[in-house]
Structures are given as C-alpha cells and as structure tokens.
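Visitor: I'd like to ask some things about the structure below.
The values are calculated or read from the model by the stated rules, or taken from the named source; none is laboratory data. Nothing here was measured: the structure is a model prediction, and the numbers come from that model. Glycine gets a Cβ as well: all are built from the backbone with ideal geometry, and neighbour counts include every protein chain shown.
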Amino acid sequence: MIKAEQKPVDEILKYLEPYNKILLAGCGACVTVCHAGGEKEVSLLASTLRMARQKIGKPLEVIEATPTRQCEPEFALELSERVANVEAVVSISCGVGVQTVVRHFLKTPIFPGVNTTFLGETMVHGVWEERCQACGNCVLEKTGGICPIARCAKQLFNGPCGGSSKGKCEIKRETDCAWQLIYDRLKALGQLHKMEEIIPAKRWGVESRDSGPRRIVREDLKV
Amino acid sequence: MSDFDPKIVAFCCDQSGYPAADMAGNLKLKVPQNVEIVRVPCAGRIETIYLLRALEKGADGVLIFGCYEENCQFLRGNFRAKSRLSYASQILEKIGLEKERLEFCHLATNCGVKFVETLQQKSEALKRLGPNPAKIA
C-alpha cells in the first residue's frame with residue numbers, strides 16, 4: 001500500500017497563515033493503515049494546529065473529515081458542503097487524494113499535509129519498508145519475488161554489484177542486498193539457473209513514467 | 001500568578017490509579033482542588049488524542065496514573081500509554097508547548113500517598129510553568 005509521513009507541523013502552519021477556517025481531510029484507505037492520514041491522525045493534527053494557533057493568539061477553526069477513500073471521486077465529492085464553508089483545505093491523504101480533491105474543488109486552496117513516500121509493506125506494527133516502485137512491467141517472476149527496482153539502491157537488473165558485502169548493501173549498511181536476497185530465494189526454490197538469464201534493460205520511456213503520467217483504460221468498466 | 005490554580009486532568013487506570021485515588025480519599029489526604037479524574041479500564045485505553053484534547057479543552061497539565069512495569073493486567077497497556085505520552089510530548093514540543101505538562105506515574109492500588117504527592121508536585125510544577133497558553137476553552 002501507499003505509505004506516507006506527516007509533514008512537519010511548522011510547514012503546515014506556514015501554509016495556513018492567511019486562513020482562519022479550514023477543512024482537514026484524511027483518507028480511510030492506505031494512509032489510515034500507515035497511521036499518517038486516517039481519522040485518528042486527523043484528530044491529532046487538528047488538535048495540534050488549533051493549539052499552535054491559539055498559542056499565538058490567532059485561533060484557527062478546523063473542520064475534520066475522513067472520507068472512505070479520497071482518491072475516488074464519489075468519496076471526495078462527499079466533502080463538497082464542507083469545502084464550501086472553509087477558506088482552505090489541508091489533505092492528509094496521499095498525493096493522489098490531494099489531486100482528486102483539487103480536481104473537484106478548483107476555487108479552494110488545497111494543501112498537502114503528508115509526504116507520500118513509497119509503496120511498501122508493514123514489517124511490524126510501526127515499521128514500513130519500500131517494496132514496489134510501480135515501474136510498469138513486473139519482473140518478480142525472474143527474481144524470485146524480490147524486486148531489484150525497489151530494493152536495490154542501484155536498481156540493477158543483473159546484480160549483484162561489487163559493493164554487496166556479507167549480504168548488506170554498500171549504500172546503506174543496514175539494508176539487505178536485494179541481489180543477495182534474490183540469490184538466496186532462487187537457491188531455496190532450486191531455480192539458481194535464473195541467475196544466468198540476462199534481464200534486458202528496462203524500457204523506462206515505454207513501460208514507466210518517463211514519457212509522462214500513465215493511464216489505464218478499461219472499456220468494459222466505463223459507464 | 002500567585003492565584004493561579006492549575007487544572008490537572010488525571011487519567012487513572014482501573015487496576016491501580018483509581019483504587020489509589022480511592023485510598024487517598026479514604027485516608028482523607030489533601031488532593032489539589034482543581035483535579036479532574038478520568039477513570040479508564042487500563043492505561044492502554046488512553047489514546048494520544050485524549051492527552052492533546054485535555055490540554056486543548058482547558059487542562060494545564062495531564063497525568064496518567066498507570067500500573068508498575070510488568071504489572072499490567074493487560075500485559076502492555078502501561079507501555080502503550082507511555083509510548084503515546086511520549087508521542088504527545090513530541091507534538092507539544094513541535095508547537096512550542098512544554099512537554100512537562102504531560103507525565104506518567106507508575107503506582108499500585110495501595111499507593112494513595114504517592115497518588116496525592118504526585119498530584120501536589122505536578123500542581124506546583126505547573127504553577128511554575130504558568131497557564132497553558134494553548135487552551136481554547
């Protein structure tokens with residue numbers, strides 16, 4: 001799922017300097033799971049912002065809302081009435097949710113309250129690690145289910161590099177070398193021959209976002 | 001601010017803090033006047049937002065009275081409460097409020113005296129800090 005982290009409070013307060021009444025909108029999907037922008041985080045941030053502004057004698061009214069998914073128009077539009085009654089919106093959904101709200105409420109300033117960070121897995125409660133970069137052409141079949149794009153610092157398709165040492169990455173010593181993990185996994189599966197297969201260079205411009213934002217169209221689903 | 005009587009919200013675990021408060025009452029110990037006790041089934045029930053909301057709604061300080069370590073009936077409730085208090089303290093620091101306004105106190109059912117002493121000390125400490133400038137109520 002998408003992982004995010006709350007922006008520094010100072011930064012959010014800076015955005016809100018000219019405003020006295022705002023909507024703080026969370027999202028009930030990914031950012032709820034990573035505790036960055038769910039209903040609880042909306043309450044916490046709203047309380048924090050109110051107190052920070054009260055302290056400097058410039059009270060801020062904060063309306064709280066957490067639609068089920070901010071990245072879906074049906075849910076984003078549930079905010080209409082509340083958006084109409086505020087001067088600005090802080091969205092603590094991921095960047096997708098922020099832009100969905102922007103698309104539907106063109107006349108209201110919308111500010112991001114989180115930094116959308118990566119697509120990741122929950123390791124234990126409170127710890128998340130990057131696992132996918134949405135590169136557009138999945139190679140997990142070739143690499144034993146370990147992604148070299150997301151997990152190798154150099155994004156090598158035919159690793160390991162010379163910097164792998166005792167199973168750890170030379171860029172960050174606490175990070176497992178993705179290609180060591182791939183080797184161990186393929187060995188366990190009895191598929192080490194796959195290490196000899198050359199994976200051709202990725203066509204970033206065709207498969208990924210180097211030629212602009214990607215789009216998926218499913219004619220059968222359109223209404 | 002000699003006439004300032006700090007308002008304290010005291011979250012009391014039902015397994016330790018609340019019976020200790022009860023004991024203090026039975027012993028007729030002098031509790032600071034401006035204290036509001038909130039009884040919770042376990043300190044682990046206290047969410048971070050409860051701490052912030054208490055300050056926002058008029059408290060000058062917040063105390064959590066929870067069980068001693070390794071003594072929680074629900075195993076980790078007191079640790080969870082301490083983590084949340086620590087998180088709330090970080091939030092306070094970010095907006096320029098004193099983290100000393102929040103405090104955790106470990107005790108047991110028979111700690112009526114400690115309960116009162118901790119409240120008295122907190123009240124004195126809050127008098128030195130002054131009123132909570134972020135309260136909205």
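For (1) without any contact (Cβ under 8 Å) to a residue 24 or more places away in the chain; (2) aromatic (Phe, Trp, Tyr); (3) assigned by TED's automatic domain parsing to the domain that holds A:Cys94; (4) assigned to a loop (DSSP other than H, G, I, E, B), each residue gets a yes or a no:
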site: A:Trp128; (1), (2), (3), (4): no, yes, no, no
site: A:Gly159; (1), (2), (3), (4): yes, no, no, yes
site: A:Ile171; (1), (2), (3), (4): yes, no, no, yes
site: A:Leu186; (1), (2), (3), (4): no, no, no, no
site: A:Lys202; (1), (2), (3), (4): no, no, no, yes
site: A:Arg215; (1), (2), (3), (4): yes, no, no, yes
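Yes/no matrix, rows are residues, columns are (1) under 14 Å from the mean Cα position of the chain (by Cα); (2) of a type in the set (S, T, N, Q):
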position: B:Ala10; (1), (2): yes, no
position: B:Tyr18; (1), (2): yes, no
position: B:Ala21; (1), (2): yes, no
position: B:Val40; (1), (2): yes, no
position: B:Gly44; (1), (2): yes, no
position: B:Thr48; (1), (2): yes, yes
position: B:Glu56; (1), (2): no, no
position: B:Ala59; (1), (2): yes, no
position: B:Phe79; (1), (2): no, no
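Visitor: OK, next. For the range A:198-223, how many residues are surrounded by 10 or more Cβ atoms within 10 Å (Cβ to Cβ) and either of a type in the set (Asp, Glu) or touching a His at 6+ places or on another chain (Cβ under 8 Å) (or both)? Give the derivation first.
Guide: As a first pass, look at the range A:198-223 and keep what is surrounded by 10 or more Cβ atoms within 10 Å (Cβ to Cβ): A:199, A:202-211, A:214.
Add one more test, that the residue is either of a type in the set (Asp, Glu) or touching a His at 6+ places or on another chain (Cβ under 8 Å) (or both), and what stays is A:207, A:210.
Residues in the range A:198-223 being surrounded by 10 or more Cβ atoms within 10 Å (Cβ to Cβ) and either of a type in the set (Asp, Glu) or touching a His at 6+ places or on another chain (Cβ under 8 Å) (or both): 2 in total.
Visitor: For the range A:66-76, how many residues are surrounded by 15 or more Cβ atoms within 10 Å (Cβ to Cβ) and out of contact with any Ser or Thr (no Cβ under 9 Å at 6 or more places or on another chain)? Please lay out each step first, then the result.
Guide: We begin by selecting, within the range A:66-76, every residue surrounded by 15 or more Cβ atoms within 10 Å (Cβ to Cβ); these are A:66-67, A:69-72, A:75-76.
After this cut, where a residue has to be out of contact with any Ser or Thr (no Cβ under 9 Å at 6 or more places or on another chain) as well, the list is none.
Going through the range A:66-76 one residue at a time, the tally reaches 0.
Visitor: If you don't mind, another one. Which residues, taken from the range A:52-61, are in contact (Cβ under 8 Å) with a residue 40 or more places away in the chain and either more than 11 Å from chain B (Cβ to nearest Cβ) or not in a strand (DSSP E or B) (or both)?
Guide: Answer for the range A:52-61, where residues must be in contact (Cβ under 8 Å) with a residue 40 or more places away in the chain and either more than 11 Å from chain B (Cβ to nearest Cβ) or not in a strand (DSSP E or B) (or both): A:Ala52, A:Arg53, A:Leu60.
Visitor: In the range A:46-85, which residues are of a type in the set (A, V, I, L, M, F, W, C) and closer than 12 Å to A:Phe105 by Cα?
Guide: Residues satisfying the conditions are A:Ala76, A:Leu77, A:Leu79, A:Val83, A:Ala84.
Visitor: Is it fair to say A:Val96 is of a type in the set (Val, Ile, Thr), crowded, with 18+ Cβ neighbours inside 10 Å and in contact (Cβ under 8 Å) with a residue 60 or more places away in the chain?
Guide: No.
Visitor: Scan B:Leu97, B:Leu55 and give me the residue that is crowded, with 20+ Cβ neighbours inside 10 Å and either among the charged types (D, E, K, R) or in a loop (DSSP other than H, G, I, E, B) (or both).
Guide: One residue alone meets the criteria, B:Leu97.
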